[in-house]
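Taken together, the values in this text are just the output of simple stated rules run on the coordinates, not laboratory data. Remember, it's a predicted structure, so these values are computed and weren't measured experimentally. Because the Cβ atoms are built from the backbone with ideal geometry, glycine has one as well, and the counts that use them run over all protein chains shown.
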Amino acid sequence: MTQRVGVVGGGLMGSGIAEVCARSGRDVIVVEADAPAAESAQARIEKSVRRAAERGKIDDPDGVLARIRFATDLDELADRDLVIEAIVENEDAKVDLFTRLDKIVQPDAILASNTSSIPIMKLAVVTQRPQQVLGIHFFNPVPVLKLVELVPSLMTSEETTATARTFVEDGLGKQAILCQDRAGFVVNALLIPFILSAIRMYESGFASAEDIDHGLVLGAAHPQGPLALADLIGLDTTKAVAESLYEEFKEPLYAPPPLLQRMVSAGLLGRKTGRGFYTYG
Ligand code: NAI
């Protein structure tokens, strides 16, 4: 069983991935870009673990936190069975990281990416172990959402995919679905055009943000409306995923509408900046 896990990038997703791995008993090392970022990751995880303990979801928060170490040097990952990359969604940065990880991490280990949109094949081919590279795509917030998309490339071995499935299902208690190595995988390829349609509807004055969201919550039993969801995902992330879908399929339904572009330029990124389609206190 995959026991020693490395997580590169301790932002929103990496912190959540590290937390769920430690909560399931794994030994975790989080590598961040620099010391302040590592401290932020540690603070984020600690806050989340303490909150989960207060809600009775974790019995031993100190034990969970003791299983996570923080570092700024990739060399620390040499003995890992699995390394999950969750750095910025930038192809050059990820290619550079996979090139370096491949030289550091023991040859049997699996190298995984949490990317939302970068083809897994582009990361696999820069390593000497393309058969052990795949996408393990978690959902935000990682400790809450059950789904993980497993994304083998054309070169990923069946054994690697099976090991990853065992890890996420039996190890982490998540549910896996298998997706092709295509932009958006299953969920974002359906969700993003839906959110973009809602933004176009709002932009054209068809209905207010509140009414669009109420419509989907009350009329289609969605837990939250598409504009509130865009604010949660982050409008920069929404735009970036839309662009990668558009780049891959060249279908107008994936093109980010002008309002989304302007909001991102203005720094109105949703919850994380306090304002998107809604204002947050
Ligand atoms: P984020 O911006 O919150 O975190 C990225 C972290 O990576 C930052 O803390 C940054 O300091 C660190 N970092 C950057 N370069 C690094 C390097 N070379 N070495 C070590 N650390 C480095 O981003 P977020 O939202 O956590 O996204 C991370 C990845 O997860 C992206 O590939 C994104 O597409 C994917 N993803 C995001 C989801 C979301 O809802 N935000 C959902 C599923 C996947």
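I'm told Glu91 meets every condition in (1) without any contact (Cβ under 8 Å) to a residue 60 or more places away in the chain; (2) over 20 Å from Leu134 (Cβ atoms); (3) surrounded by fewer than 17 Cβ atoms within 10 Å (Cβ to Cβ) except one. Can you identify the failing condition by its number?
In the conditions (1) without any contact (Cβ under 8 Å) to a residue 60 or more places away in the chain; (2) over 20 Å from Leu134 (Cβ atoms); (3) surrounded by fewer than 17 Cβ atoms within 10 Å (Cβ to Cβ), Glu91 misses (2) alone.
Looking at (1) under 30 Å from Met155 (Cβ atoms); (2) surrounded by fewer than 19 Cβ atoms within 10 Å (Cβ to Cβ), which is the only condition His222 fails?
(1)
Which one is surrounded by the most Cβ atoms within 10 Å (Cβ to Cβ), of the residues in the stretch 48-78 that are touching a strand residue (DSSP E or B) at 6+ places or on another chain (Cβ under 6 Å) and more than 24 Å from Lys122 (Cα to Cα)?
So, considering only residues that are touching a strand residue (DSSP E or B) at 6+ places or on another chain (Cβ under 6 Å) and more than 24 Å from Lys122 (Cα to Cα), the one surrounded by the most Cβ atoms within 10 Å (Cβ to Cβ) is Ile68.
Being among the hydrophobic types (A, V, I, L, M, F, W, C) and either within 14 Å of the ligand (Cβ to nearest atom) or within 15 Å of Ala183 (Cα to Cα) (or both) is the filter here, so list the residues in the stretch 129-157 that pass it.
Across the stretch 129-157, the qualifying residues are Leu134, Ile136, Phe138, Phe139, Val142, Val144, Leu145, Leu147, Val148, Leu150, Val151, Leu154.
At least 1 residues that are touching a strand residue (DSSP E or B) at 6+ places or on another chain (Cβ under 6 Å) in each: list the helices (runs of 4 or more DSSP H) lying fully within the stretch 177-281 that qualify.
Hits in the stretch 177-281: 226-233, 235-249.
Kindly establish whether Ala33 is surrounded by fewer than 24 Cβ atoms within 10 Å (Cβ to Cβ) and within 11 Å of the ligand (Cβ to nearest atom).
When the stated conditions are applied, Ala33 passes them.
Does any residue in the stretch 36-50 that is within 16 Å of Asp73 (Cβ to Cβ) come within less than 6 Å, Cβ to Cβ, of a residue that is in a helix (DSSP H, G or I) and within 15 Å of the ligand (Cβ to nearest atom) six or more places away or on a different chain, and which pairs are these?
Taking only residues 6 or more apart or on different chains, the pairs are Ala41/Ser15.
How many of the residues making up the stretch 15-25 are over 13 Å from Leu65 (Cβ atoms) and in contact with a Ser or Thr (Cβ under 8 Å, 6 or more places away or on another chain)?
The qualifying residues number 1.
Evaluate the following for Ala93: is it among the small types (Gly, Ala, Ser) and away from the ligand (no atom under 11 Å from the Cβ)?
No, not satisfied.
Kindly indicate whether any position in the stretch 153-165 is in contact (Cβ under 8 Å) with a residue 12 or more places away in the chain, under 18 Å from Asn188 (Cα atoms) and surrounded by fewer than 23 Cβ atoms within 10 Å (Cβ to Cβ).
So far as the stretch 153-165 goes, yes, one or more of its residues are in contact (Cβ under 8 Å) with a residue 12 or more places away in the chain, under 18 Å from Asn188 (Cα atoms) and surrounded by fewer than 23 Cβ atoms within 10 Å (Cβ to Cβ).
Taking the criterion of being buried (at least 19 other Cβ atoms within 10 Å of the Cβ) and away from the ligand (no atom under 16 Å from the Cβ), would at least one residue in the stretch 178-190 satisfy it?
No, the stretch 178-190 has no match at all.
Testing Arg100 on (1) without any contact (Cβ under 8 Å) to a residue 60 or more places away in the chain; (2) away from the ligand (no atom under 11 Å from the Cβ), one condition comes back false. Which one is that?
Single failed check for Arg100: (2).
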